[in-house]
Amino acid sequence: MKETLRYGFILGTICIVAGGLLAGINFLTKPRIIAQAQAEEESALKEVMPEGESFEPAKKENGVIYYRVRDKEGKYIGAAFKASGKGYSSAVDTLAGMSPDGQIIAVKVLSQNETPGLGANVVEPPFTGQFAGKNIQDLEGVQAITGATISSKAVIDSVREKGKEIFELIKDEK
Amino acid sequence: MKNKLTVNISPHLHNNESVSKIMWIVGISLIPAGAAGVIIFGLNALTVMILGILSALVTEWLMQLLAKRRITILDGSAFLTGLLLAYNLPPGVPLWLPAAGSFFAIAIGKQVFGGLGQNIFNPALVGRVFLMASWPKYMTTFTKPLNFDAVTSATPLAVLRESGVIENISYLDLFLGRRGGCIGEVCILALVAGALFLFWKGYISWHIPVTYTAVFAAFVYAFGGDGLFRGDWFFHILTGGLILGAFFMATDYVTSPLTRKGQVIFGAGCGILTAVIRLWGGYPEGVSYAILMMNAATPIIDRFTRNRIYGTMIPVNRK
Amino acid sequence: MKKLFREFFKGVIKENPTFVLALGLCPTLAVSTSVVNAVGMGAAATFVLMGSNAMVAMIKNNIPAKIRIPCFIVVIATFVTIVEMVLKAYTPGLNRALGIYVPLIAVNCIVLGRAEAYASKNTLMNSLFDGLGMGAGFTLALTLISSIREYFGSGKIFGYALSHKFEPVSIFGMPSGALLVIGILLILFNRLKGRKS
């Protein structure tokens, strides 16, 4: 019994010291981690809406559904939204920018874990570039990558579906 | 000579066949299928075959030189590996592809394990799977049959996978090989002729190929259609590489079980795996993966189907 | 001083964690797709190895033998968490590329293996250099594997496309390609060491 207590005490001490140390490091790094995450999101949003200056999240219940985008003069120029589809071996997350009349401005794949050299090519401009200028109602012209139909479809279908949904929401906005 | 064949438990039957004679005879039995491939897809197919064989021979020679083993490039086994690999390629591939595939098949699939008789996996299929994983774009682009302008077309199985409907193609066309596919797999008539020759010479037994095909057909018939027992099993047998795989690759002496019972288990496993991959898997075709998986299981099958040594008791407690 | 150097070099060649001890192969397969990832992973693991080795060597006399493994794990997990927070704060790109494998350093067999087999029996300085040497060996192995994989798998080196074009062999970008590369390197390594199986 005494032995057990001693073991517990030693392990407990080590845990308390470790916990204290981690709390200290966390205090030091947390602000930077949050800032990094924000900067990253900002730059991704800028990439799909190059004209945009302010990105105001449109929230509903417990999350951001899309971002209202305004340019330098404060004019409303469209929405940016995230879409997620199931690819060949992973979930493919995409960020897309759309003008108020439903035209896609740019598409960027945020995260994926598809087959390197094949499905993973959905992040490359030859594929994502095809979206620019197409209307959300008609994405037929976007060609799937040869040999990577499933990964390509994940992006195309998820953007189309989510885009139509967001389009219904924003078409009356100014 | 010690390493050339796995020695089964006695009693041994002796005959005068040497390993290389068997290899060359199997090679001869593959000629009709290759000739059919050249007729259907043009001289391109012949170039692919020659390059596959040449690269296999050169690699075998290099690897044996490096490992200071006896040079045995004329025993026919490397020739056969190169030829079978080429049979598993689409006819319109860039010419470095069969060379790279044969190199990998011989170097990694065979010589790394210690040469003929030591390899766990069928070298030609190792080469094909390597190419499939490395350059899927070329491995899934097929040329149209009997059309020498290199028009691409999908294989019947790829059409089935993409759209879910069976292409409108007659059984006769499939049987004669008028479809898109790999060089050596399309002409079922030629393949069956070669296989019958091997049966007649007694170089392959019915156990693996027949169980493979029968179990596969039964499985597809049961689960491949809209409801139970409505699958088009005949279509599935005639398309893809099933006949080539079942008669010429699953029967490879080195990588299949030794006993008759083991061979039946092996064939049944191949059949089920092929059907499962074709019906529910990510690829339209599953013959090569099925055979490789069963190759991996061969040591276990051998272990549990071992013949009892004549005159001994069944061991009660094996260590 | 000479002894410390020996402790260091032992981990690089003679007891290389990847090629000789064959420890920590899971992160090796997963993160050796590009040289940048490999060096980042190697540096993170080296830091954890040095930290945990030093800490274990310091407290080894106060830990009862019966509960040494949980104690080691707490120490290791602490260092891993520090690495993860620092990576997130200062190099978010690398952190995303390494993904789950940063927290998984905690269960990397090299780290616990060295704590148990070496640091708990040796002095602080020796353990520190052992950790550094093992980390260097791990980093070196990862760099070697990843440069081969990156070159053949994507035709790039250090993330830059090379001038001459060839069709990338995409199997090298997959885990199966990593196994192949490790296997071939193991053959060469054993050959160089003159060891015959």
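The values are calculated or read from the model by the stated rules, or taken from the named source; none is laboratory data. Keep in mind it's a predicted model, so treat the numbers as computed, not measured. A quick note on method: Cβ atoms are made from the backbone with ideal geometry, for glycine too, and the neighbour counts reach across all protein chains shown. When the accessible area is computed, the model is the full protein with side chains, heavy atoms only, and any ligands, DNA or RNA have been set aside. Shrake-Rupley method; radii C 1.70, N 1.55, O 1.52, S 1.80 Å.
Look at the stretch A:1-13: the mean tally of other chain Cβ atoms within 10 Å of its residues' Cβ atoms is 2. Over the Cα atoms of chain B, the radius of gyration divided by the Kirkwood radius equals 0.97; this is the Rg/Rh ratio.
Taking the Cα centre of chain B as the origin, how large is its charge dipole in debye, to the nearest 20, when only Lys and Arg (+1) and Asp and Glu (-1) carry charge on their Cβ atoms? Walk me through the intermediate numbers first.
Working: 23 positive and 13 negative charges, 256 e Å.
Computed about the Cα centre, the dipole is about 1220 debye.
Computed FRET efficiency, Cβ-Cβ of B:Y253 and A:D138, R0 45 Å: what is it to the nearest 0.05?
Numbers: r = 58 Å, r/R0 = 1.30.
The computed FRET efficiency comes out at 0.15.
Find the sum over both chains of the accessible area lost when B and A are paired, probe 1.4 Å, and report it in Å² to the nearest 100. Accessible area lost upon association: around 300 Å². Spin-label model, B:S153/C:R96: points 7 Å from Cα along the beta carbon direction are separated by 4.5 nm. Positive-end ranking of B:A268, B:T305, B:A246 along the dipole of the range B:226-316, with charges on Cβ about the Cα centre, is headed by B:T305.
Throw me the Rg/Rh for the range A:49-170, computed over C-alpha atoms with Kirkwood Rh, two decimals.
Details: Rg = 14.2 Å, Rh = 14.5 Å.
Checking Rg against Rh, the ratio lands at 0.98.
What is the distance in Å between the Cα centroid of the range B:73-106 and that of the range B:174-236? Each part reduced to its Cα centre gives a spacing of 23 Å.
Using only protein heavy atoms and a 1.4 Å probe, how much accessible area in total is buried between C and A, to the nearest 100 Å²? Numbers along the way, then the final one.
Working: alone 10590 and 11030 Å², together 19770 Å².
Using a 1.4 Å probe, the pair buries roughly 1900 Å².
Computed over the protein assembly as shown, the alpha-carbon pair-distance distribution with 20 angstrom bins reads 15, 38, 35, 12, 0, each value a whole percent. Comparing each chain alone with all protein chains together (probe 1.4 Å, DNA, RNA and ligands left out), the residues of the range A:134-174 losing at least 10 Å² of accessible area are A:T146, A:G147, A:T149. Across the range A:49-170, C-alpha contacts under 8 Å between residues 6 or more apart give a mean separation that, scaled by the residue count, equals a relative contact order of 22 percent.
If you average the sequence gap of Cα pairs under 8 Å that are 6 or more apart and divide by the length of chain B, what percent do you get for the contact order?
On the way: 525 pairs, mean separation 56.8, N = 319.
The value is 18 percent.
Heavy atoms of the protein chains alone define the surface here; on that basis chain B has 48 Å² accessible area per residue at 1.4 Å probe size. Quick check for you: which residues of the range C:32-75 have the amide N under 15 Å from the point 7 Å beyond the Cα of A:F9 toward its beta carbon? The answer is C:62-64, whose backbone nitrogens lie closer than 15 Å to the label point. Relative contact order for the range C:2-192: 37 percent, from Cα pairs under 8 Å spaced at least 6 residues apart, divided by residue count. Using heavy atoms of the protein chains and a probe of 1.4 Å, the accessible area assigned to B:R308 is about 140 Å². Partner shielding of C:65-75 amounts to 3, given as the average count of beta-carbon atoms from other chains within 10 Å of each residue beta-carbon. Just checking the listed ones, B:S256, B:S29, B:S170: in the Gaussian network model of chain B with Cα springs under 10 Å, the one fluctuating most is B:S170.
If I compute solvent accessible area with a 1.4 Å probe over the protein chains, what percent of it on chain B is carbon and sulfur?
Details: 10130 of 15160 Å².
Taking all protein chains in place, chain B shows 67 percent carbon and sulfur surface.
Note on the range A:1-71 and the range C:34-79: Cα centroid distance 24 Å, given to the nearest whole angstrom. Using a Gaussian network model of chain A in which every pair of alpha carbons under 10 angstrom is joined by a spring, one finds that among A:K162, A:K72, A:K153 the greatest mean-square fluctuation is at A:K72.
Per residue, the accessible area of chain C comes to 47 Å², computed with a 1.4 Å probe over protein heavy atoms only.
Which FRET efficiency value, to the nearest 0.05, do you get for A:A91 and C:K165 by plugging their Cβ-Cβ distance into 1/(1 + (r/R0)^6) with R0 = 41 Å?
Details: r = 32 Å, r/R0 = 0.79.
Efficiency at R0 = 41 Å is approximately 0.80.
Say the dipole of the protein assembly as shown comes from +1 at the beta carbon of Lys and Arg and -1 at that of Asp and Glu; which of C:A44, A:G85, C:V20 then lies farthest toward its positive end? So the residue we want is C:V20. Note on the range C:110-155 and the range A:131-174: Cα centroid distance 46 Å, given to the nearest whole angstrom.
Give me the percent of accessible area attributable to carbon and sulfur for the range C:2-192, probe 1.4 angstrom.
On the way: 6160 of 8530 Å².
In the range C:2-192, the share of accessible area belonging to carbon and sulfur is 72 percent.
I'd like the FRET efficiency for B:I50 and B:N307, computed as 1/(1 + (r/R0)^6) with the beta carbon distance as r and R0 of 41 Å, rounded to 0.05. Given R0 = 41 Å and the Cβ-Cβ separation, E is 0.45.
Note on C:76-83: average number of Cβ atoms from other chains within 10 Å of each residue's Cβ is 3. Springs join every pair of Cα atoms under 10 Å in this Gaussian network model of chain A, and among A:Q112, A:Q143, A:Q36 the largest mean-square fluctuation is at A:Q36. Each of B:A193 and B:R178 was given a label point 7 Å from its Cα along the Cα-to-Cβ line. The distance between the two points is 1.8 nm. Buried on complex formation within the range A:61-106 (loss of at least 30 square angstrom of accessible surface versus the isolated chain, 1.4 Å probe, ligands and nucleic acids ignored): A:Y88.
Taking label positions 7 Å along the Cα-Cβ direction at both B:L228 and B:R69, the computed distance is 5.0 nm, reported to one decimal.
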